Structures are given as structure tokens and as C-alpha cells.
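Peer 1: My questions all concern the structure below.
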Amino acid sequence: MTSTAGSAGPTDGTTRRPSEPGAAPRPGGSAVIRRFTLAERLVHRTTSWLMLLCVATAAFLYVPQLAELVGRRYLVVTVHEWSGILLPVPFLAGLVSHAFRRDLGRINRFAPYDREWLRAVRRRWNWAGARPAGKFNAGQKIYASWLAGATVLMIFTGLLMWFTGLLPLVSRTSATFIHDWLALTVGIVLAGHIGMAFKDPGARRGMRTGSVERGWARREHSEWEDETAAEERREARRRSD
Amino acid sequence: MFNRDVSEREDGRGNEREGGQGDGGRWDGRGPAIGRRVLLGTLAVGAGGLAAAPYLQGGLEKFLGAASQVDPTGIVNTLPNGGGFRFYNVAASVPTKTAATYRLKIDGLVEHPRSYTLADLEALPQTRTDLDVQCVTGWRVPKVPFQGVKVSDLLDAAGVKAEGRALRFTCFDGTYSESLTLTQARRNDVLVALRMQGKPIGKDHGGPVRLYVAPMYFYKSAKWLSGISVTDKVEPGYWEEYGYDVDGWVGRSNGRDDAPTV
């Protein structure tokens, strides 16, 4: 830990601005680092708008007070059906992006520190460094994987309600039952996702602009650099094999 | 292979945190694909739920029904199907009609077209039913008392002309419509309903006056009834234009096999 002459107090080396007079470029580069490419942000942006439309129309179909407010059931149903059915499209389109596929791989794989992260959350440990995470923390990994499965289920049961008789084995009543209760669960989980983004301007900045402050990254995703280094080593080994 | 990597890493953990570039930084194995397992697990639970739904649903609804009786907060009624009925409205907004403003018009192929006020309808002989309500989307509410005037009484009073074959029902929401054949409409359990569950029908449930067609799916029981017109053929109603069956018998239409309500 070094302090810069003339500054009010000791500066955290990881958050030094490049514009700071006399600040030598640290190994590791500038104060901001790239988190998401434009393609990834577009996938997130379109998915979130579709999801919002889907959840809002669901509320207007389902909550009696809201249903009374807007009526127009046929229109609301149509918007709900199409926003739901289109939900996987941004994801599928995103698969052409290398960065997106690579992040999916990161979300899929659990490292030992993810278990540490989960343990820290379970025991409510939140001192600095208690919750190590790669580019995505264990919570984000489980959230994304669960929501992917839940979305498939919602579309499947939704289609069974839309086209009755698609699968004679499953009655529309059963499909509605799963669709309703899973919708409630998805709503709660989404509220958690949005709430957590609301509390973390650094994370929001990453999704909005594509880059994050290095200090934020080291604080919230302490293993991200190691994760990237390991990936590079793995790739180098694959090339040399 | 993975397990060995884990233990190596966890052993050296404390030191590498201090140094930042400890041995753990060299770990480059790929962890297990937990994400995929979570996704597939979610799908499996969903598929299981779908298969078990007929059994789960009955128990859950009974439980929620009982819970809603003792729940002062009303939260239970906001849960899926906790309250039984669901509100469906196809129009943008529905005007409120009171005893002073409500009218039911009988016209079309009849000898004596006329208009009834709420008081006129209340003065006619009343019929009571106490049967299940079954919606085509799946929900069913057991034993819902309805009370009102038989449609056949109103038809007799109006005098249906010889060429009359069917009825067209219109609603003061300005959008919804329904249809029945004359034979269907003359059943004893087809009512112009004024009371539901022992109370005057509230606006949400289609009040002050709605149609009640006991043997058919509930979309046939048009809410906010304002007109009955005798026609020479069946003119499909609102949902029927979107593919619902015109003859909406419970258990024998719309590709469903629910237990009949009558």
C-alpha cells in the first residue's frame, strides 16, 4: 500500500485514475476494465425488455385490480404470448458472439471459490474478501441457470395453454397450474435480481457501458483475473497440444 | 481429477490470499458444470410437477381454500387460484349500471320487443341453482349459488316468431357477445342471473345482471348482459370468433374432459 504525495490520504492503488499527475501506469492497465461487449449488452437489454413486457402483461391478466384497470383481454394476451415466445431469441442470436459463449461457459462451470461464496452467503459473512467470485459469482451462476430452465418451462407450459391439445397427455389445467406457480417464483427471483442491481451502481455501470472500475472488479469479483489467466493458460495448452 | 485440484487449492488458500499470486492462481482446471445441472434439474422438477399436477392441485386448492377462511390479511387470495374466480374482461373499460340506469332489451324475431328494468326482473319468478362453475382455462369453483329469471320465461313473454332459431346476447361493456340455440336457452338452468353467492351480482362478476348457462363453460355466461336478440341462426360470440366452441358443454367441448357441471 503506497500513498501519493499531495493526496489527502493514502490512495488505494487499484483505483488510481490515469489522469492523476505522476501516476505511473500500473501493471494491469487502466482504471476501467471491459466487462461486457456490445453484443452481450444487447442480449441483456432485449431480454430484459421482453421479460418486463411479459411480466407486466402477466400482472394485468392475473391481478384482478389491474385486469379491471386495463381490460382489453385479447390484446394483453397477445402481447403476453409473443413477448414470452420471443424471450429466447436474443439469447440464441447472442450465441454467434464469442464473448457471449465464453461467458456462458463461465456461468456453467463452478470453481472451488464458488463454494466458498455460497458458504459465506449462508453464514452471512460479508467482510471484505469473504465472498470470492470469478467474473460471475456463484449466486449469479445459479440465478442464470435456474432462470434459463424456468424460462423453458414457462414457454413450454405457455404453449400448452395457447395450443390446447398439443400434448393430449398433459391437460391444460396442469399446464396452467405449473405456469401460475412458476410465474410467481420467477417474479420473486426477478425482483431479487433487479433489487441487487439497484443496490450496486458498479454492476449496473458494467451492464450499461460495458466497463467497470478496476477497484469494483477486484472487490466484487476477486478471482476474475485469476479466472481469466487460467483460461488463457488452458487455451495456450490446447494450442500447444 | 477435479477433486484433487480442489483440495490442493483449498489447502493453500490462506497464504495465496495474502500474496495475491499464490499457488492457487495457477489452478486452471475447469470446475464441474453445475450451471447445466441446475438448468436440467429445474426442467426435471417442472416435468415432475406437470405430471403430478392433477394430484398436487387438488390438495393445494383445498389447503388454500381453508387457509383463506382464516387469513385476515387476504394474502392467500392473491396466490394462484387462491380466490377461485378470476376476472376476465375483454373491453377497455366497463360502465357501472345501477338499478336506475340498467336496462335489458329483448328484441329481434319476437312479437313483443320490450325493455326490462332491474326491478321488473326482480318482480318475475326466480330460479335458484347451486352448481359448480367451470372455466375453459381450467379453474373450477364448487357450488356457486345463482339466482335469477329463466331465459325461457322472458322468451315466452316476448313471443318468439316461427323463424327464430337462436339467441344473441350483447353486453353493456360494448364488446362481449354470446350465443345460444333456442333449445339450449330454454333449459331450466339457463338464467338471467341477478344474484350470485346470495348477494346482488357485483360489477366484477358481471353485475348487476349477467347470463348464467349452468351446463356450459363459463365464457358462455356473458357478464354485464344488456340485450337478448332472437335470430334465425347462431351468430358466434366474442371468444367463439377466436376459436372457442359455440356449443360450450362442460366436458364435451374445447378439447377438455372436465366433469360436467350439471
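Peer 1: Rounded, prolate or oblate: pick one for region B:202-259, where a ≥ b ≥ c are the square roots of the eigenvalues of its C-alpha gyration tensor, a/c under 1.5 means rounded, and failing that, prolate if a/b is larger than b/c, else oblate.
Peer 2: Numbers: a/c = 2.05, a/b = 1.25, b/c = 1.64.
Note, shape of region B:202-259 comes out oblate.
Peer 1: On a 29 Å Cα-Cα criterion, which of the cross-link pairs B:K199/B:K233; B:K161/B:K199; B:K105/B:K203 come out too long?
Peer 2: Details: B:K199/B:K233 35 Å; B:K161/B:K199 35 Å; B:K105/B:K203 19 Å.
Distance filter (> 29 Å) returns B:K199/B:K233; B:K161/B:K199.
Peer 1: How big is the Kirkwood radius of region A:107-241, worked out from every pair of different alpha carbons and given in Å to one decimal?
Peer 2: Details: mean 1/r = 0.0565 Å⁻¹.
Result for region A:107-241, one decimal place: 17.7 Å.
Peer 1: What lysines could a cross-link reach from A:K141, if we take a straight Cα to Cα line under 27 Å and drop same-chain neighbours fewer than 8 places away?
Peer 2: Once the sequence-local lysines are set aside, what remains near A:K141 is A:K199.
Peer 1: Under a no-solvent Debye model with one identical scatterer per Cα of region A:101-160, what's log10 I(q)/I(0) at q = 0.17, 0.20 Å⁻¹?
Peer 2: -0.63, -0.76
Peer 1: Something else: From the helices alone, meaning DSSP H stretches of at least four residues, give me the mean residue ellipticity at 222 nm for chain A, per-run term -39500 (n - 2.57), in deg cm²/dmol to the nearest 500. Don't jump to the answer; show the numbers that get you there.
Peer 2: Working: 11 runs with 160 residues, N = 241.
Roughly -21500 deg cm²/dmol at 222 nm, from the helical runs in chain A.
Peer 1: Separate question: Sort B:S177, B:S115 by heavy-atom solvent-accessible area, probe 1.4 angstrom, most to least. Please report the intermediate quantities before stating the final value.
Peer 2: Numbers: B:S177 10, B:S115 50 Å².
I get B:S115, B:S177, largest accessible area first.
Peer 1: Sticking with this structure for a sec: Calculate the tail of P(r) for region B:100-169: the fraction of all Cα-Cα distances greater than 13 Å, expressed in %.
Peer 2: I get 72 percent for the Cα pairs in region B:100-169 exceeding 13 Å.
Peer 1: Between region A:78-123 and region B:161-206, how many Å separate their Cα centres?
Peer 2: 51 Å
Peer 1: Another question about this same structure. Go through region A:73-94 and flag every residue whose accessible area shrinks by 10 Å² or more with all protein chains in place compared to the isolated chain (probe 1.4 Å).
Peer 2: Output list: A:R73, A:Y74.
Peer 1: Provide a whole-number value for the mean count of partner chain Cβ atoms within 10 Å of the Cβ atoms in peptide A:218-226.
Peer 2: Working: counts 1, 0, 0, 0, 2, 3, 0, 3, 9.
Neighbouring Cβ atoms belonging to other protein chains average 2 per residue here.
Peer 1: For region B:157-262, what class follows from the C-alpha gyration tensor (a ≥ b ≥ c being the square roots of its eigenvalues): rounded when a/c is under 1.5, otherwise prolate if a/b is larger than b/c, else oblate?
Peer 2: On the way: a/c = 1.36, a/b = 1.04, b/c = 1.31.
Judged from the Cα gyration tensor, region B:157-262 comes out rounded (a/c under 1.5).
Peer 1: Roughly how much accessible area, to the nearest 100 Å², goes out of reach of solvent when B and A pair up, both sides summed, probe 1.4 Å? Walk me through the intermediate numbers first.
Peer 2: Numbers: alone 14930 and 16000 Å², together 26390 Å².
Approximately 4500 Å², summed over both chains.
Peer 1: Among rounded, prolate and oblate, which fits chain A when a ≥ b ≥ c are the square roots of the eigenvalues of its C-alpha gyration tensor, a/c under 1.5 means rounded, and a/b larger than b/c means prolate? Please list the in-between numbers first.
Peer 2: Values: a/c = 2.39, a/b = 1.99, b/c = 1.20.
The shape class here is prolate.
The values are calculated or read from the model by the stated rules, or taken from the named source; none is laboratory data. In this text, all values refer to a predicted model and were calculated from it rather than measured experimentally. Quick reminder, even Gly has a Cβ in these numbers, built from the backbone with ideal geometry, and neighbours come from all protein chains shown. Heads up: the accessible areas ignore ligands, DNA and RNA and are worked out on the full protein's heavy atoms, side chains in. Shrake-Rupley method; radii C 1.70, N 1.55, O 1.52, S 1.80 Å.
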